[in-house]
Amino acid sequence: MSLNDSERRVLSGMRPSGRLHLGYYHGVLKNWVKLQHEYDCFFCIVDWHALTTEYADAGQLSQHVMDMAVDWLAAGVSPSSATLFVQSQVPEHAELHLLLSMICPLSWLERVPSYKEQQEHQGSKDLSTYGFLGYPLLQAADILLYRAGQVPVGADQLPHIEFAREVARRFNHLYGSEPDFELKAEAAIGKLGKKLGKLYSNLRKAYQEQGDVQALETARALLKEQTSITLGDQERLYGYLEGGGKVILSEPQPILAEFSRVPGLDGQKMAKSSGNAIFLRDSDAELEEKLRRMPTDPARVHRDDPGEPQRCPVWSLHQLYSSAEQLHWVIEGCRSASIGCLDCKSALCSSLQAELMPLQQRAIDYEDSPDLVRSILAEGAERARDEARETLAEVRMAMGLNYR
């Protein structure tokens, strides 16, 4: 895979924990639907990651995987535009994880911020396992296996992407060398032509001797545009540029997504574990009941007490789902007490139902066709395995595991 191809590839995954709620829809799935038309996207249901914390409660895992797949498809993630698959159906993830574990210092895993945070947050679970300690390395393997140059994440996940970059860098440093590397790199410069070869050499010198980052980026851009050299020469020149060896595993870059904070029924961040979630496939009756029980502005003790929408959790959901005209109606009605809280909630319920109706209809179609869903995931796994095998072939060769 060329560096340019790598930069056009996106890898993202989600732990299966059952049906998805509005937080996932606005925070992740809508972004995926957009990305699938702009990049070569691989979207993975990471069931092995689920086991790193839920290993003692795995009975529902297969159903959770199916629920997640149905919700993805219903939300508009398309198997014709992206590759959808289940992590455990691509065993190459496990092999690359194992091989990378040979070179990953233990201290790197222990310093990942989420390691201690999750242990404190989930104190009721025994997380003193290698699976939990090593899950950032498994996550790095997920990304590096597809040589994905782009990974959509929130700011809290940036340490995990930097960890994956460090693992790739260490691997390339250890195994990117080859006999007569510098001679081959210099020969590759000659293939660029006199003018471009001189420009590349000057940019390389500016970066290595003066630390000129702009020169590094310019040289990278120059290499991406070249069609007169082989992929192997391109990888050599990329490594030679930075003073290393041949690039085998691409270092991923984060796509910092603006993940919407969707308020839950209590006004706090929506989360299944908090019991404040509205699920994508909640029935009309379930939705009405959840909204009916939502707390409102505490100043509105009686029906004719005026209120302030900014103090009310219901208003936050109105801002996501209601029209400008309806928002104006809520503000005026609440502040003047011309509408009651149940009137306000009823209007919100109608807006939510209108948004979810087409998604829920698609979900019903997929629920009624489980073999189709399994077929989509199986076909995605085959495509993912084709890409994964190519990467592993190079990794094995670099590590001396070539016995043919």
field: Amide proton proximity set for S177, modelled H, under 5 Å, gap of 5+
entry: K246
Karplus 3J(HN,Hα) series, Hz, for the range 329-343 with 6.51 cos²θ - 1.76 cosθ + 1.60 (x for Gly, Pro): 4, 5, 4, 5, x, 5, 5, 9, 6, 7, 10, x, 5, 5, 5
- request: State the Cα centre-to-centre distance between the range 70-106 and the range 108-144 in whole Å.
  value: 18 Å
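Which order do T230, T53 take when ranked by solvent-accessible area (1.4 Å probe, heavy atoms of all protein chains), largest first?
T230, T53
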- prompt: What are the residues whose amide H is under 5 Å from the amide H of I255, where those residues sit 5 or more places off or on another chain and H is modelled from the backbone?
  reply: V151, V153
query: Per the helix-only calculation at 222 nm, which mean residue ellipticity applies to the chain, given -39500 (n - 2.57) for every DSSP H run of n ≥ 4 and division by its residues, nearest 500 deg cm²/dmol?
result: -17500 deg cm²/dmol
- request: Would you kindly derive the ³J(HN,Hα) couplings of the range 75-85 from the backbone phi angles with the Karplus curve 6.51 cos²θ - 1.76 cosθ + 1.60 (θ = phi - 60°), listing them in order in whole Hz, with x for Gly and Pro?
  value: 6, x, 6, 10, x, 8, 10, 9, 9, 10, 7
- request: Would you mind calculating the relative contact order of the chain from Cα pairs under 8 angstrom and at least 6 residues apart, reporting the percent as a whole number?
  value: 22 percent
task: Enter the accessible area of K116 (Å², nearest 10), with the probe set to 1.4 Å and all protein chains included.
output: 130 Å²
Centroid-to-centroid separation of the range 352-378 and the range 202-245 [C-alpha atoms, Å]: 47 Å
query: In terms of solvent-accessible area of protein heavy atoms at a 1.4 angstrom probe, what is the ranking of R165, R8, R111, highest value first?
result: R111, R8, R165
statement: Among Y403, P91, Q36, the residue whose Cα sits farthest towards the positive end of the charge dipole of the chain (+1 at Cβ of Lys and Arg, -1 at Cβ of Asp and Glu, taken about the Cα centre) is Y403
- request: Taking the dipole about the Cα centre of the chain, with the C-beta of Lys and Arg at +1 and of Asp and Glu at -1, give me whichever of V112, V46, H173 is farthest to the positive side.
  value: H173
message: Net charge within 14 Å of T227 by Cβ-Cβ distance, Lys/Arg positive one each and Asp/Glu negative one each, not counting T227 itself?
response: -1
statement: In the range 250-404 the accessible area split gives carbon plus sulfur, as whole percent at 1.4 Å, a share of 50 percent
task: Please turn the phi angles of the range 125-139 into ³J(HN,Hα) values with the Karplus equation 6.51 cos²θ - 1.76 cosθ + 1.60 (θ = phi - 60°), one per residue in order, whole Hz, x for glycine and proline.
output: 9, 7, 10, 8, 10, 5, x, 6, 4, x, 5, x, 6, 5, 5
task: Among the listed pairs K116/K272; K30/K116; K30/K246; K34/K290; K269/K345, give every one whose C-alpha distance is greater than 27 Å.
output: K30/K116; K30/K246; K34/K290
query: What order do W48, W315 take when sorted by accessible area (1.4 Å probe), most exposed first?
result: W48, W315
- request: State the answer as a single residue: which of A221, G154, W329 lies farthest towards the positive end of the charge dipole of the chain, with beta carbon charges of +1 for Lys and Arg and -1 for Asp and Glu, about the Cα centre.
  value: A221
task: Mind listing the long-range amide H neighbours of V86? Cut-off is under 5 Å, sequence gap 5 or more, other chains count too, H placed in the peptide plane at 1.01 Å from N.
output: I45, A381
- prompt: Got a number for the accessible area of T227? Probe 1.4 Å, square angstrom, nearest 10.
  reply: 130 Å²
field: At q = 0.12, 0.15, 0.22, 0.27 Å⁻¹, base-10 log of I(q)/I(0) for the range 281-366 (Debye sum, equal scatterers on each alpha carbon)
entry: -0.37, -0.55, -1.01, -1.38
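The values are calculated or read from the model by the stated rules, or taken from the named source; none is laboratory data. None of the values given here were measured: they were computed from a predicted structure. Reconstructed Cβ throughout: ideal geometry from the backbone, glycine too, with neighbour counts over all protein chains shown. Just the protein is used for accessible areas: all its heavy atoms, side chains included, with ligands, DNA and RNA removed. Shrake-Rupley method; radii C 1.70, N 1.55, O 1.52, S 1.80 Å.
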